[in-house]
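Have a look at the structure below, then the notes.
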Amino acid sequence: MEKPLTQRIRSDGEVVDIGAYESTGGYQALRKALKLVPKEIIEIVKQSNLRGRGGAGFPTGAKWSFVPLGPEAPRPKYIVCNADEMEPGTFKDRVLLEGDPHEVIEGLMIGACAIEADVAYIFLRGEYKLAGQRLARAVEEAYQRGYLGKNILGSGRNLEMVLHMSGGRYMCGEETGLLNALEGKRANPRAKPPFPQVSGLWGKPTIVQNVETLANLSHIINNGPEWFKKLSLTPDGGTKLYGASGKVKRPGVWELPLGTPAREILEQHAGGMRDGVKFRGMLPGGASTDFLVEEHLDVKMDFNEVQKAGSRLGTGTMIILDDQTCPVGMICNLEQFFAQESCGWCTPCWSGLAWAAKMLEAIEEGRGELGQLDKLAYITRFVAPGNTYCALAPGAAEPLQSGLKYFREDFERHIREKRCPWSH
Amino acid sequence: MLRPEVRQEIEAELEHYPTKQAVCIDAMLIVQKHRGWVSDESLKDLAEFLGMSVEDLDGVATFYNLIFRRPVGRHVIMVCDSVSCWIMGYERLRKHLTSRLGIQMGETTADGRFTLLPIVCLGTCDHAPAMMVDGDLHRDLDPEKVNVILEKYQ
């Protein structure tokens with residue numbers, strides 16, 4: 001089984017430095033990309049069926065095709081690596097950033113070639129200190145070898161790359177919130193349209209891509225779109241970094257063909273549930289995805305199939321709920337997170353999520369009333385897509401609405417018994 | 001007045017961005033690296049240096065949780081309270097830390113040694129529960145391990 005994204009990553013936890021990266025084919029894709037015209041690169045990526053790995057799954061080539069190209073296009077243009085991995089339960093981009101930073105950087109360079117970007121920013125969450133040190137060093141190495149700066153490898157093309165350490169907050173991972181953060185503002189979302197591809201950073205065309213998405217690009221350029229599609233078990237191309245956390249025997253991250261069934265990830269790779277606990281449900285791709293339960297375990301973990309099962313692939317890192325853990329407490333923890341991280345821009349979000357969190361706290365502590373379950377369901381509709389500028393609140397609704405569906409009896413039991421049945 | 005070394009670091013950041021305001025978060029983090037937190041006085045100096053109003057800059061400062069607008073202890077403990085750590089024993093960890101240090105979340109010990117803060121998912125969920133102390137990640141925690149770790153930070 002091919003594992004292009006993680007093939008170079010060292011088992012001793014040390015970083016792949018530029019020497020090791022170059023001696024295993026590193027920066028050959030950049031050399032190829034520098035000889036292609038932007039439209040050719042975009043076409044290759046379109047044909048590969050690469051979809052964004054940050055959570056939304058937007059086709060990468062299609063995203064790029066909205067950027068104005070040619071001598072008339074506004075300049076400078078920007079490309080941003082979204083390394084603000086803050087979705088609770090998600091720990092996959094860290095593996096790439098710490099293990100093989102040049103792979104991410106080369107992807108960023110190829111993306112820059114495709115949209116004729118002049119400046120690339122790496123937006124890294126402030127807590128990823130080790131990744132920050134390794135990225136800073138890798139960027140420096142890339143400048144020294146002439147992969148960055150003016151007249152890259154004699155191509156006549158220029159690219160500056162800057163590492164930005166974030167000041168915190170979940171909202172920074174939201175595409176337009178991130179742009180505001182880079183401009184030195186509060187990370188509130190922006191209205192779309194205009195889309196960032198046309199008017200992003202400082203009003204100029206800007207592309208924002210997730211770390212894992214970027215890490216795929218050198219392999220697509222080197223091996224071609226047909227090879228990339230064959231890596232996957234489904235029509236969307238490539239492998240995927242899957243993960244599992246919670247009370248499983250071997251929590252971790254694994255690079256597997258896109259579309260690997262959830263059961264295989266849970267049982268073979270994560271080793272199944274720990275002794276003495278049983279599987280009750282899971283959030284398949286981070287905190288802002290709907291719960292799936294036992295009957296869904298054979299779902300292929302790709303964008304379309306998980307959606308058909310009633311959830312989203314999201315980041316592909318599963319959070320497992322076991323029978324010794326209170327589902328109401330878990331959902332309460334999730335909604336407290338979303339309420340706290342709401343930036344306060346849209347009323348349904350700041351008001352609705354705080355209200356939901358308060359009711360969930362009451363239910364969990366044995367002060368709940370049956371009528372609150374209808375109110376919670378109402379809030380999930382109140383924050384539905386279209387009522388807010390960004391996807392934070394609609395994402396917050398996902399574990400809540402599905403939790404109310406699959407764990408209704410657990411909610412009612414808390415209310416009936418006026419206590420959490422899991423607390424001793 | 002901004003100290004020369006602080007000013008120099010901020011000026012280096014300015015080269016990477018088209019506006020002065022863009023570096024304001026970096027600038028506050030630079031001040032914090034040198035002084036531990038961002039005081040009203042530092043905020044005023046920075047606002048002037050960056051051509052922003054103090055109110056606008058404070059609006060940015062108070063949005064970002066890694067920028068401290070109040071003094072913190074010599075060591076800052078950030079305990080992950082997000083979902084995977086919650087499943088794997090965050091509550092037990094929180095109770096242990098608050099009782100051992102004798103402070104609640106958001107407080108600083110009387111001797112100024114530790115500030116205790118909650119933090120969202122640290123992205124190390126396969127080694128939950130986790131915390132950071134001064135930027136060092138500590139994972140797979142239990143109360144005994146926490147005791148040993150705290151001794152390293154005097």
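Results, tabulated for the structure shown:
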{"quantity": "Output for region B:1-15, where each listed residue is out of contact with any helix residue (DSSP H, G or I) (no Cβ under 8 Å at 6 or more places or on another chain) and either over 19 Å from A:MET161 (Cβ atoms) or outside any helix (DSSP H, G or I) (or both)", "calculated": "B:PRO4, B:GLN8, B:GLU11, B:GLU15"}
{"quantity": "Sole residue being more than 18 Å from the chain's Cα centre (by Cα), surrounded by fewer than 19 Cβ atoms within 10 Å (Cβ to Cβ) and among the small types (Gly, Ala, Ser), chosen from B:ALA128, B:ALA110", "calculated": "B:ALA110"}
{"quantity": "Condition check for A:TYR121: buried (at least 24 other Cβ atoms within 10 Å of the Cβ), more than 9 Å from chain B (Cβ to nearest Cβ) and among the aromatic types (Phe, Trp, Tyr)", "calculated": "no"}
{"quantity": "Filtered residue count, region B:62-95, keeping only those that are part of a helix (DSSP H, G or I) and crowded, with 21+ Cβ neighbours inside 10 Å", "calculated": "7"}
{"quantity": "Options A:LEU353, A:LEU360, A:LEU334: the member that is in contact (Cβ under 8 Å) with a residue 60 or more places away in the chain and either within 12 Å of chain B (Cβ to nearest Cβ) or outside any loop (DSSP other than H, G, I, E, B) (or both)", "calculated": "A:LEU334"}
{"quantity": "Selection from region A:134-154 of residues that are in contact (Cβ under 8 Å) with a residue 12 or more places away in the chain and assigned to a loop (DSSP other than H, G, I, E, B)", "calculated": "A:ARG145, A:TYR147, A:LEU148"}
{"quantity": "Unique residue being within 14 Å of chain B (Cβ to nearest Cβ), modelled with pLDDT of 95 or more and surrounded by fewer than 24 Cβ atoms within 10 Å (Cβ to Cβ) when the list is A:GLY132, A:GLY89", "calculated": "A:GLY132"}
{"quantity": "Some residue of region B:28-51 being charged (D, E, K, R), within 19 Å of B:PRO4 (Cβ to Cβ) and within 12 Å of chain A (Cβ to nearest Cβ)", "calculated": "yes"}
{"quantity": "Scope region A:287-331; condition part of a loop (DSSP other than H, G, I, E, B), among the acidic types (Asp, Glu) and within 25 Å of A:GLU174 (Cα to Cα); matching residues", "calculated": "A:ASP290, A:ASP302"}
{"quantity": "Flag if A:VAL104 is of a type in the set (Val, Ile, Thr), more than 13 Å from chain B (Cβ to nearest Cβ), farther than 22 Å from A:GLU40 by Cβ and in contact with an Asp or Glu (Cβ under 9 Å, 6 or more places away or on another chain)", "calculated": "yes"}
{"quantity": "Options B:GLY102, B:GLY112, B:GLY106, B:GLY135; residue that is over 22 Å from B:LEU29 (Cβ atoms) and not acidic (Asp, Glu)", "calculated": "B:GLY102"}
{"quantity": "Criterion violated by A:HIS296 - all others in (1) more than 13 Å from chain B (Cβ to nearest Cβ); (2) surrounded by fewer than 19 Cβ atoms within 10 Å (Cβ to Cβ) satisfied", "calculated": "(2)"}
{"quantity": "Every residue from region A:7-21 that is in contact (Cβ under 8 Å) with a residue 40 or more places away in the chain and in a helix (DSSP H, G or I)", "calculated": "A:ILE18, A:TYR21"}
{"quantity": "Per-region count, region A:268-322, residues among the acidic types (Asp, Glu) and over 22 Å from A:THR239 (Cα atoms)", "calculated": "5"}
{"quantity": "Extreme residue, nearest to the other protein chains (Cβ to nearest Cβ), among residues of region B:113-123 that are crowded, with 22+ Cβ neighbours inside 10 Å and not hydrophobic (A, V, I, L, M, F, W, C)", "calculated": "B:GLY123"}
{"quantity": "All positions within region A:299-326 that are within 15 Å of A:SER402 (Cβ to Cβ), out of contact with any Lys or Arg (no Cβ under 7 Å at 6 or more places or on another chain) and within 12 Å of another protein chain (Cβ to nearest Cβ)", "calculated": "A:MET318, A:ILE319"}
{"quantity": "Count - residues of region A:214-262 that are within 14 Å of chain B (Cβ to nearest Cβ) and either free of Cβ contacts under 8 Å to residues at least 60 places away in the same chain or among the hydroxyl-bearing types (Ser, Thr, Tyr) (or both)", "calculated": "7"}
{"quantity": "Residue among A:ARG51, A:ARG75, A:ARG94 that is over 12 Å from A:THR317 (Cβ atoms) and within 14 Å of chain B (Cβ to nearest Cβ)", "calculated": "A:ARG75"}
{"quantity": "Selection from region B:32-61 of residues that are out of contact with any Phe, Trp or Tyr (no Cβ under 7 Å at 6 or more places or on another chain), assigned to a loop (DSSP other than H, G, I, E, B) and within 27 Å of A:PHE337 (Cα to Cα)", "calculated": "B:GLY36"}
{"quantity": "Which listed residue, of A:THR206, A:THR213, is among the β-branched types (Val, Ile, Thr) and under 21 Å from B:TYR17 (Cβ atoms)", "calculated": "A:THR206"}
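So that you can scan it fast, the table gives a plain yes or no per residue for (1) in a helix (DSSP H, G or I); (2) crowded, with 24+ Cβ neighbours inside 10 Å:
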residue	(1), (2)
A:LEU214	yes, yes
A:LEU217	yes, yes
A:ILE221	yes, yes
A:LYS229	yes, no
A:SER232	no, no
A:ARG250	no, no
A:TRP254	no, no
A:GLN268	yes, no
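The values are calculated or read from the model by the stated rules, or taken from the named source; none is laboratory data. Since the structure is predicted, the reported quantities are computational estimates derived from the model, not experimental observations. Ideal geometry is used to build each Cβ from the backbone, glycine not excepted, and the neighbour counts take in all protein chains shown.
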